[in-house]
Amino acid sequence: MMDITEIEEQSALDKIKKGERLDDRGLEDFRDVEVETGVAKKAEGSAEVRLGDTKVIVGVKFGMGEPFPDTPDEGMLMVNAELGPMASPNFESGPPGKDATELARVVDRGIRESEALPLKELCVEEGEKVWKVMVDIHILDYDGNLMDASALGAAKALIEAEIPEYEDGEVKREKTKEFPVNKVPVACTVVKVGDKYILDPSLIEEKIADGMVTVTWTEDELCSLQKRGNGGFTKDELLDIFEIARKKTDGLRKIIE
């Protein structure tokens, strides 16, 4: 992604003030959403999500391990995000930075707080052996709205996943069964620019945002939110944002179900 000029930022700002956008979308319109499954052959479940020029791949792997001491009868969820320089010159190689860490945490929180995964059913031997559910997010191209694309990819990869059988003390990857997903958490990021709200922000629109809130909904419940940026939100603004996100996630959920 090329560097964004001040002229481009000002043009986007002027458009939004008039209720318009550079790419002629409505303020609450998403770019075209494309989802493809089975893109990572060595994963137990995988999905590629494209939002315009933003592209992410999410893979799900299962492994056996010891449970956390405070949850000896529950499986483990581990979410990792990788933002490499091939996706954007703003990303660097090496250990996950703060942006990758925040992205992983938002996706993790949405899955965990929604109780999408039956963690107790993933216990094999209490205090000794439980299934680990590892969700890996790889950013291929970055043009804004990584949160929504990554959360959507994670949800679809989990829906598509098949968990290996565990027999005679061994993980049998050649034998699989459907992985149960209780709920489908879907995220929607609402961006505030002046007195306007926009959805599915492009990279330019993220640059000019006063503040952003990523809201994750299940079919019937708000389960997590994450605020970014310096701008504040009133209680009434947040209530409006929650309702906007609820309606939009209903539509996004239909795409992956």
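Coordinate-derived values only; no laboratory data. What you are looking at is a predicted structure, and each value in this text was computed from that prediction instead of being measured. Cβ: placed from backbone, ideal geometry, glycine included. Neighbour counts: every protein chain shown.
Pairs spanning more than 31 Å between alpha-carbon atoms, out of Lys156/Lys207; Lys129/Lys248; Lys120/Lys172; Lys207/Lys235; Lys98/Lys248; Lys227/Lys254: Lys129/Lys248. Taking 12 Å as the straight-line reach from the Cα of Lys15, the aspartates and glutamates in range (excluding those fewer than 8 positions away in the same chain) are Asp23, Asp24, Glu205.
Loop only per DSSP, at most 16 neighbouring Cβ atoms within 10 Å: give me the GluC sites (Glu not before Pro) in region 119-170, ordered by residue number.
Sparse-neighbourhood loop GluC sites (Glu not before Pro): Glu126, Glu128.
Here the dipole of the chain is about 260 debye; that uses its Cα centre as origin and unit charges on the Cβ of Lys and Arg (positive) and Asp and Glu (negative).
All C-alpha pair distances within region 6-256, sorted into 10 Å bins from zero, spread as 7, 30, 34, 19, 7, 2, 0 percent across the bins.
Using 0.36 nm per residue and subtracting the Cα-Cα separation, the extra length available between Asp168 and Asp195 on full extension is 3.6 nm. Projecting the Cα atoms of Val186, Ser93, Leu117 onto the charge dipole of the chain (Cβ charges, centred on the Cα centre) puts Val186 farthest toward the positive pole.
The share of Cα pairs per 10 Å bin across region 1-104, counted from zero up to the longest distance, runs 11, 26, 34, 18, 8, 3 percent.
What is the calculated FRET efficiency for Glu128 to Glu243, with r their C-beta to C-beta distance and R₀ = 45 Å, to the nearest 0.05? Each step should come with its number before you reach the end.
Details: r = 45 Å, r/R0 = 1.01.
After rounding to 0.05, the efficiency reads 0.50.
Indicate, rounded to the nearest 5 percent, the antiparallel portion of the DSSP beta bridges found entirely in the chain.
85
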